[in-house]
Amino acid sequence: MIKTIRVMLLPNNKQKTRLFQYAGTARFSYNWALEREQENHKNGGKFMSDADLRKEFTQLKKNPKYAWLNAVSNNVTKQAIKDACNAYQRFFKGIAQFPHFKSRKHSPLSFYQDNVKIQFTETHVKVEGFACSKKKNKQKLNWIKLAEHNRIPVENVKYSNPRIKYDGINWWISVGIEYEASNILPSNEGIGIDLGIKDLAVGSDKKNYENINRTQKVKKLEKRKRRLQRCIARRYEKNKKGENYCKTHNIIKGEKELLKLNHKLTNIRQNHLHQTTSSIIKREPSFICLEDLNVKGMMKNRHLSKAVQQQGFYEFRRQIEYKSGWNNIQVIIADRFFPSSKLCSCCGRMKKDLKLSDRIYRCECGNRIDRDYQAALNLKGYGEMYLKQQSAG
């Protein structure tokens, strides 16, 4: 079982320059490999393997025009070419869309580090090839400080797929570490979870998880974000020259502030999702039943689209699935057309005329219950029926 750990880096100015250089070289290598594959395909040639492209790229580096490529570790360009070939193959297999060239302005900056040569201490990570000299004072350039200490294991660990990425503000390193799989099978009662907009999640065990977007902290940040966006838009209009927009220092400063604000909001929402999913998993239920939401259809409702997007339903489901896999908890996805909200949890009668505005479910049998809690109870029942059918079959 492989778990990925992501830690922020604290590079100095010289290290930042080298990080940008490595990421730029990786982007160039990826685009070069993709262009060669396309040219070869147009000329009627067969698929070029990454080994053939690497040999050709080695000859390219001997050209004085591309001598700057030699200043970067060979493993960075080698993996970038391999990534381009894999992306090209996935398209022809029908797994993914056709790969696009990486843009200097819009594509995220990232590059690969060799999993054998990379080294970690409690406080630093060693990046290959930053310093050419073997002197101790020069070798310090290779060691980048980690923002979190003792986060990445050091002894008797095999690292996989180390990647360094820039998010527009900070540099991050992510690395996969192999852990032993858990053999313990949870025996507690299963849980049905209904996702919604009023609350993020409502459990069949009467535990509700709040919508973080309704808290005062997030509302203040959203208000500040709207004001900043309007301010930047006004500055663009004020400095417009003909049909072109001119970027001033104040616009650049405002855009950096807006980027930090967006990152802060994203981190708050991601942290809330992780805390919610982890607390559900820590209860060790025998199964977790979720409904297969039509998020794409929900996004077409212009009154709810923003709220649905901010909740992160797909990310919630993704986290539940991989965290359950670590703890041997079975995840059951209810059919998209299962009437979890319209079905009475007491008598089983279905109320077809139930509206979205009806928050309390009232049935002819006398059942009066919260709509979301009833959906969670019905999902729990769906999960139990599914397991019975599985064991019988």
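The values are calculated or read from the model by the stated rules, or taken from the named source; none is laboratory data. Computed from a prediction, not measured in an experiment: that's the story for all the values here. Cβ placement follows ideal geometry from the backbone for every residue including glycine, while neighbour counts extend to all protein chains displayed. Areas reflect the complete protein model, heavy atoms only, side chains present, ligands, DNA and RNA absent. Shrake-Rupley method; radii C 1.70, N 1.55, O 1.52, S 1.80 Å.
Only one of the numbered conditions (1) within 30 Å of Asn327 (Cα to Cα); (2) in a helix (DSSP H, G or I); (3) charged (D, E, K, R) is violated by Glu56, and that is (1). The set of residues from the stretch 299-321 being surrounded by 15 or more Cβ atoms within 10 Å (Cβ to Cβ) and without any contact (Cβ under 8 Å) to a residue 12 or more places away in the chain comprises just one member, Glu321. One residue alone among Lys165, Lys134, Lys105, Lys138 is under 24 Å from Thr266 (Cα atoms) and modelled with pLDDT under 90, and that residue is Lys105.
Step by step: first the residues of the stretch 317-340, then only those that are of a type in the set (S, T, N, Q) and closer than 17 Å to Gly381 by Cα, then the one that is modelled with the lowest pLDDT. Which residue is that? Step by step, filter the stretch 317-340, then rank; the result is Ser340. What tally of residues in the stretch 6-23 results from selecting those that are within 18 Å of Ala71 (Cβ to Cβ) and touching a residue at least 12 places away in the same chain (Cβ under 8 Å)? Of the residues in that region, 10 qualify.
Could you please let me know if Lys93 is closer than 26 Å to Asp50 by Cβ, of a type in the set (D, E, K, R) and touching a residue at least 12 places away in the same chain (Cβ under 8 Å)? No: the conditions fail for Lys93.
Go through the residues of the stretch 236-259 one by one and say whether even a single one is under 20 Å from the mean Cα position of the chain (by Cα) and surrounded by 14 or more Cβ atoms within 10 Å (Cβ to Cβ).
Checking the stretch 236-259: not a single residue is under 20 Å from the mean Cα position of the chain (by Cα) and surrounded by 14 or more Cβ atoms within 10 Å (Cβ to Cβ).
Here Arg359, Arg349 are screened, and the one residue that is farther than 14 Å from Leu293 by Cα, at pLDDT below 80 and in contact with a helix residue (DSSP H, G or I) (Cβ under 6 Å, 6 or more places away or on another chain) is Arg359. When Val72, Val76 are checked against the criterion of being modelled with pLDDT of 90 or more, in contact with a strand residue (DSSP E or B) (Cβ under 7 Å, 6 or more places away or on another chain) and not polar (S, T, N, Q), Val76 stands alone in meeting it.
Considering the stretch 280-290, and only residues there that are in contact (Cβ under 8 Å) with a residue 60 or more places away in the chain and open to solvent by 20 Å² or more (accessible area, probe 1.4 Å), the residue that is nearest to Arg214 (Cα to Cα) turns out to be Arg283.
Within 25 Å of Gln139 (Cα to Cα) and touching a helix residue (DSSP H, G or I) at 6+ places or on another chain (Cβ under 9 Å): is that true of Val7 in this structure? No: the conditions fail for Val7.
Please find, among Thr276, Thr266, the residue that is within 18 Å of the chain's Cα centre (by Cα), surrounded by 14 or more Cβ atoms within 10 Å (Cβ to Cβ) and hydroxyl-bearing (Ser, Thr, Tyr).
The unique qualifying residue is Thr276.
Would you call Ile152 part of a loop (DSSP other than H, G, I, E, B) and open to solvent by 40 Å² or more (accessible area, probe 1.4 Å)? Here the answer is no, as Ile152 does not meet what is asked. Within the stretch 67-102, the set of residues being more than 22 Å from the chain's Cα centre (by Cα), surrounded by 16 or more Cβ atoms within 10 Å (Cβ to Cβ) and of a type in the set (Gly, Ala, Ser) comprises Ser73 only. Here Lys78 qualifies as touching a helix residue (DSSP H, G or I) at 6+ places or on another chain (Cβ under 7 Å), in contact (Cβ under 8 Å) with a residue 24 or more places away in the chain and either assigned to a helix (DSSP H, G or I) or at positive phi (or both).
When residues in the stretch 191-214 are screened for being within 11 Å of Ala376 (Cβ to Cβ) and part of a loop (DSSP other than H, G, I, E, B), 5 of them pass.
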